[in-house]
1. Can you confirm whether L85 is more than 16 Å from ligand 1 (Cβ to nearest atom) and closer than 19 Å to I315 by Cα?
2. Give the number of residues within the range 2-44 that are away from ligand 1 (no atom under 16 Å from the Cβ), under 30 Å from D235 (Cβ atoms) and assigned to a loop (DSSP other than H, G, I, E, B).
3. Report whether or not D44 is loosely packed, with under 14 Cβ neighbours inside 10 Å, more than 16 Å from ligand 2 (Cβ to nearest atom) and within 24 Å of A308 (Cβ to Cβ).
4. Mind listing whichever residues of the range 172-197 are within 16 Å of ligand 1 (Cβ to nearest atom) and either in contact with a helix residue (DSSP H, G or I) (Cβ under 7 Å, 6 or more places away or on another chain) or free of Cβ contacts under 8 Å to residues at least 24 places away in the same chain (or both)?
5. In the range 129-151, how many residues are part of a helix (DSSP H, G or I) and out of contact with any strand residue (DSSP E or B) (no Cβ under 6 Å at 6 or more places or on another chain)?
6. Which is closer than 22 Å to H112 by Cα, exposed (fewer than 13 other Cβ atoms within 10 Å of the Cβ) and either acidic (D, E) or more than 16 Å from the chain's Cα centre (by Cα) (or both), of D235, D213, D156?
Amino acid sequence: MKVKFWGVRGSIPSPPTDKQIRHKIKNIMHEIRSQKLDNQHEIDSYIDNLSPVKAGIVGGNTACVEVRVNNQIIIFDMGSGLKNLGNYIVKNDQNSKGLDLHIFLSHTHWDHILGFPFFAPAFFPNNRLHFYSGHPNLRERLEIQQDFRFFPVALDHMSAKKDFTQLEHNSTIKIGEVEITNLPLYHPGGSFGYRIDYKGKSFVYATDSEYKDLKESNVRNHLIFFNNADLLVFDAQYTFEEAIHKEDWGHSSALIGVDFAVQANVKRLALFHHEPERDDYEIESILKKSIDYRKINYPDKLFEIFLAIEGSEYIL
Ligand SMILES: [Zn+2]
Ligand SMILES: [Zn+2]
């Protein structure tokens with residue numbers, strides 16, 4: 001199973017600002033001087049080995065994660081990251097027989113659907129797009145997004161075949177041998193998490209979720225859903241303090257993710273749906289605090305915590 005992050009930002013696409021880029025350049029120049037690197041080869045290799053936080057970007061595109069498993073392409077959410085995924089698919093996978101693409105939506109807030117009108121595979125008549133959602137009327141919701149008052153190309157003018165499946169809550173469906181289970185999450189208007197199981201490996205996508213109702217039965221449902229996941233993608237938009245103050249805004253914090261990951265024996269935790277107001281250094285500080293929190297509170301738990309970064313890939 002291969003997982004790739006195409007969009008990791010929450011709420012609204014957030015390209016880096018001029019000020020943020022200059023700040024990174026100044027920090028790199030400072031490091032190069034303080035390390036006394038003086039030939040171009042050393043400088044190049046130093047820069048090539050810097051993290052995306054220092055010398056690239058965490059990512060400005062909104063939610064979109066691709067999973068390739070058992071020759072299937074499964075996509076979670078259609079945020080602005082979907083455009084680049086679509087271009088990649090057309091360049092590398094498109095064939096004359098057409099492709100089957102399976103798209104699961106957490107919900108239909110703009111940051112999770114606004115990439116679809118720019119999804120190039122949807123313009124190939126032989127392609128088949130299979131949409132899945134826990135919400136009703138998904139076709140209608142996408143048609144509204146592409147009403148001519150808001151967008152020049154209507155949904156019906158995207159010539160790929162489309163079918164829409166409304167998922168029963170908490171149910172499991174199969175795509176070939178791949179099992180996909182959903183879980184309703186707490187979010188304004190509702191959101192759904194998805195878990196993929198295939199040949200003993202598991203991936204969980206759980207974004208746009210607030211963990212407000214922590215009564216035992218609800219926590220247990222989440223722990224079963226996250227149990228033993230090889231990778232859990234978790235809504236870490238807020239700091240712990242913000243999560244307390246922003247009750248009912250529908251998002252969570254990295255520290256809650258760490259607590260769940262410990263209890264559910266998760267192998268890797270990816271912090272996702274980054275707050276659009278934060279720069280990359282601030283996002284990285286959330287990661288550092290999460291790792292410290294794990295070390296202090298759960299010193300014998302050594303699972304990996306990392307930032308979901310646009311363009312990064314993981315093999316499970
Ligand atoms: Zn969102
Ligand atoms: Zn939302």
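The values are calculated or read from the model by the stated rules, or taken from the named source; none is laboratory data. These numbers come from a predicted model, not from an experiment. Neighbour counts run over all protein chains shown; Cβ positions are idealised from the backbone, glycine included.
1. Here the answer is yes, as L85 does meet what is asked.
2. Residues meeting the conditions: 3.
3. Values: loosely packed, with under 14 Cβ neighbours inside 10 Å: yes; more than 16 Å from ligand 2 (Cβ to nearest atom): yes; within 24 Å of A308 (Cβ to Cβ): no.
Here the answer is no, as D44 does not meet what is asked.
4. Matches in the range 172-197: G193 only.
5. 6
6. Unique residue meeting the criteria: D156.
Table: residues versus (1) modelled with pLDDT of 95 or more; (2) assigned to a helix (DSSP H, G or I).
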residue: I244; (1), (2): no, yes
residue: H251; (1), (2): no, no
residue: I256; (1), (2): no, yes
residue: A261; (1), (2): yes, yes
residue: A270; (1), (2): yes, no
residue: K288; (1), (2): yes, yes
